[in-house]
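A.B. asks: What follows is a structure written as structure tokens; I'll ask about it next.
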Amino acid sequence: MKQPVILICMLWLMAMGPATPAYGATLSVQVKAGDVRSTPSFLGNILAKLPYGARVAATGERGDWIGVAGGGVTGWMHRSALTEKEIVFKAGAADVDQYATSEEISLAGKGFSEEVENAYKSRNPNVDFTWIDRMEAITVSQNEMLRFLQEGQVRP
């Protein structure tokens, strides 16, 4: 159930067309693992994966890509993986309301925890999650994706 929730959140964020962060603005990674790429493209080499809540500085912009520096790496991240809000991890923290709503905390990048997923399944006993679980188990490496594109003669 994790990946469909993350995908829906990312699509919603892209549709909202967030404003461009100012140069030097501090941003938070709002997905489970944000890819920092060598070029502003989903085909760029992944230099690092920054965890949910990691803080980076905006260094530039190219289309929907934000140049970032932080976590010991400099590169490009898609704007849908970033937010100007500071991510607060502990929902009970006194200052959590200043940064993110409880809905944002539960959805943004975290996906369903096993506990939340089990509670959802118990409230919806007739829903079959077999195919969702199988889809979540599928992974495609960067090299596999590039090989697929090359075989299909797709040029980035």
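The values are calculated or read from the model by the stated rules, or taken from the named source; none is laboratory data. Quantities reported herein were computed from a predicted structural model and do not represent experimental measurements. In this analysis, Cβ positions are derived from the backbone assuming ideal geometry, glycine residues included, and neighbour counts consider all displayed protein chains.
A.B. asks: Out of everything in region 128-155 that is surrounded by 10 or more Cβ atoms within 10 Å (Cβ to Cβ) and modelled with pLDDT under 80, what residue ends up being nearest to residue 38 (Cα to Cα)?
C.D. replies: Per the stated criteria, the residue is 136.
A.B. asks: Determine if region 75-91 includes at least one residue that is at pLDDT 90 or above, among the β-branched types (Val, Ile, Thr) and on the phi < 0 side of the Ramachandran plot.
C.D. replies: yes
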